[in-house]
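The values are calculated or read from the model by the stated rules, or taken from the named source; none is laboratory data. Since the model is a prediction, treat every value here as computed from it, not as a measurement. Heads up, the Cβs are rebuilt from the backbone with ideal geometry, glycines too, and the neighbour counts pull from every protein chain shown.
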Amino acid sequence: MGSDIQDLLRKLPGVDRVLLSVQRLAQDDWPLDLITNEIHLQIAELRSRLLKKEITVVPSIDILTQAVLSELHQFQSSSLKPVINATGILLHTNLGRAPLAKEALEQIQRVASGYSNLEINLSNGRRGSRHSHVEDLLCRLSGAESAMVVNNNAGAVLLALTALAKGKEAIVSRGELVEIGGSFRIPEVMEAGGVVLREVGSSNRTHLRDYQRAINDQSALLLKVHTSNYKIVGFTSSIEASELVSLAREAGLPLVEDLGSGLLRRLPGSSIPEEPTISEAIANGVDLLTCSGDKLLGGPQAGLVFGRKDLIEKLRSHPLARALRIDKLSLAALEATLRLYLTGKENHVPLMAYFAVSQQELKERSHALMRQLDLPGLKVEISVSAAMVGGGAMPDAELPGPVIALQPETLTLDQLSAALRRNEPALVARIHEDRLLLNLRTVDPSDDQLIVEIFKTLLQPEL
Ligand SMILES: *Cc1c(COP(=O)(O)O)cnc(C)c1O
C-alpha cells in the first residue's frame, strides 16, 4: 500500500514542467513568482489529497495547468463587487449602507484622479484646512455655528468625548448605552477615550432629577445618545435633549448629542417616519451634535460634528483628530452630496429617491417584473411586505409595499438565492416563509430588466 502511494507521489509533475505548460497557454503576462507560488500550492494540495486517499490518480499536466490558470484568473476579478439590493432594506450596513449620488461619484473622479486643493488655500497659496470644503455647507444646512468632519460617527463620538471629558465624567442615561453593529458600544468608546461613565436612571426610565443628582465637580459633559437601532417600549421615560439643555446650562456643562442617523431633510410625501432632523436637533440647543454621513443623509462614510465654535475648535486641535481624519475621496463625495441638499436637489440622492418611491410606482414595476418572471420552473406572485430602514436607523420604520414572491420548482430556495448571490452582479433578496421576496424599493429602476435577465439565464434549461 505504502509503496503504491510512493509511486503515485513520484508521478506528480515537477514545478518546472507545469510552469512551461502554463507559460505556453497564459494569455496574460503574469509575474513569475505569482505563477510558481500557485503551482507549488496546487502540487502540495494534490500531494495531501493523495496521502489522504481522497484521490487515487495523478491528474494530467493539462488538467493541472488549467487549474493553475483558473486560480490566476481569480486574481483579476475584484473581491468588492456591485450588488443589486432587492431586500428592501434601505440602509444595509453589510451592503455598504447608502448608495452615492451620481454627482458625488463625479466629484470623486474629478478630485481624486489628479491633485487637488485639499489643504491649500488657492486664493493666497497658504496652507488650508480640509474641513473648509464642507464647514460652510454643514453650517448652512444645520443652523450650527461651526462644524467639522471625521472618518465616521464612531470616531466623532470618540473624539468629542476624549477632547471634552478625558479623565472626567460623562453623564449618560442607562437606557442609552447602545451597541451599534456589534462593535460600537458607547461604554467601550468612553473607556477608550479615558472618560469615566456616570450612568443615571434605570434601563427603562430616566428622569431629569437623575441627571441633576449625578452632577458633581468631576462632571465634564452630559451625553444624549439617540437610540436609533432599538426601542425600549412599555413603561419607559427618557429625557429629550431639549429638556437637558437648561440643566446643562445651569451646571455650565456642554450637552453632547450622538444623533446616529443624521437626517438632513424630510422629503415631501416621502415615507421617512418621524425622526429629528439635524437642524431640529441643533435648534433644541445642544452644544455639540454628531451623526453619520452614510445613514439617512445618503452620503459617504463620514462622521459629522456640528456645534459651538469653541468646542469644535477643541476637537479640531486634539491629536486624535489627525488619526480620525476623513480621506479626500469621502470628503469629495460628502461635499457633492451636501451641495445637492443645499440647492434643493436632494431627490438626486439615491436614498432619498428610494424613500420617495410611491406605492403606485412600486406596484407597476412589480407587476411588470412579475409578468416577465413567469418562467418555467418558477412560481411568481405579488405579495406585500415591509421595507425596513436597516443600518441601525429607525427600528420601527417599516415601509409596507408590494414585493414579488418567488417559489422555484426545480431548485430549493437556498440553491436559488446562492446562485443569485454568485451571479455578477450579485442579486441579494430576502427569504420569508418559503418564498424569495424581491422588493424593488431599494432597486434602481434601470436594474429592473437586469433582474429579469439574471433569472432567465439562471433558469434556462441546460443545453
Ligand atoms: C450608527 C451609529 C453610530 C456609529 O456610526 P458610524 O458612522 O457607523 O461609525 C454611533 N452612534 C449611533 C447612535 C448610531 O446610530
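Within the stretch 418-447, residues that are within 14 Å of Thr87 (Cβ to Cβ) and in the same structural domain as Leu362 (by TED's automatic domain parsing) have Cβ atoms under 8 Å from residues that are of a type in the set (Lys, Arg) and surrounded by fewer than 17 Cβ atoms within 10 Å (Cβ to Cβ) in these pairs: Ala426/Lys81; Leu427/Arg421; Val428/Arg421, counting only partners at least 6 apart in sequence or on another chain.
Among the listed residues Gly303, Gly299, which satisfies the condition of being touching a residue at least 60 places away in the same chain (Cβ under 8 Å), assigned by TED's automatic domain parsing to the domain that holds Glu275 and either surrounded by fewer than 20 Cβ atoms within 10 Å (Cβ to Cβ) or touching a strand residue (DSSP E or B) at 6+ places or on another chain (Cβ under 6 Å) (or both)? Going through Gly303, Gly299 in turn, just one is touching a residue at least 60 places away in the same chain (Cβ under 8 Å), assigned by TED's automatic domain parsing to the domain that holds Glu275 and either surrounded by fewer than 20 Cβ atoms within 10 Å (Cβ to Cβ) or touching a strand residue (DSSP E or B) at 6+ places or on another chain (Cβ under 6 Å) (or both): Gly303. None of Leu177, Leu197 is within 13 Å of the ligand (Cβ to nearest atom) and surrounded by fewer than 22 Cβ atoms within 10 Å (Cβ to Cβ) except Leu177. Can you pull out every residue in the stretch 321-338 that is part of a helix (DSSP H, G or I) and either buried (at least 17 other Cβ atoms within 10 Å of the Cβ) or touching a Lys or Arg at 6+ places or on another chain (Cβ under 8 Å) (or both)? Once the filter is applied, which keeps residues that are part of a helix (DSSP H, G or I) and either buried (at least 17 other Cβ atoms within 10 Å of the Cβ) or touching a Lys or Arg at 6+ places or on another chain (Cβ under 8 Å) (or both), the stretch 321-338 yields Ala321, Lys328, Ser330, Leu331, Ala332, Ala333, Leu334, Glu335, Ala336, Thr337, Leu338. Inspect all residues belonging to the stretch 16-29 and state whether any of them is of a type in the set (Asp, Glu) and over 38 Å from the mean Cα position of the chain (by Cα). The answer is yes, given that some residue of the stretch 16-29 is of a type in the set (Asp, Glu) and over 38 Å from the mean Cα position of the chain (by Cα).
Every residue, every condition in (1) exposed (fewer than 11 other Cβ atoms within 10 Å of the Cβ); (2) aliphatic (A, V, I, L, M); (3) closer than 29 Å to Arg421 by Cα, yes or no:
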{"position": "Leu8", "(1), (2), (3)": "no, yes, no"}
{"position": "Asp33", "(1), (2), (3)": "yes, no, no"}
{"position": "Asn37", "(1), (2), (3)": "no, no, no"}
{"position": "Leu41", "(1), (2), (3)": "no, yes, yes"}
{"position": "Lys52", "(1), (2), (3)": "yes, no, no"}
{"position": "Thr56", "(1), (2), (3)": "yes, no, no"}
{"position": "Pro59", "(1), (2), (3)": "no, no, no"}
{"position": "His73", "(1), (2), (3)": "no, no, yes"}
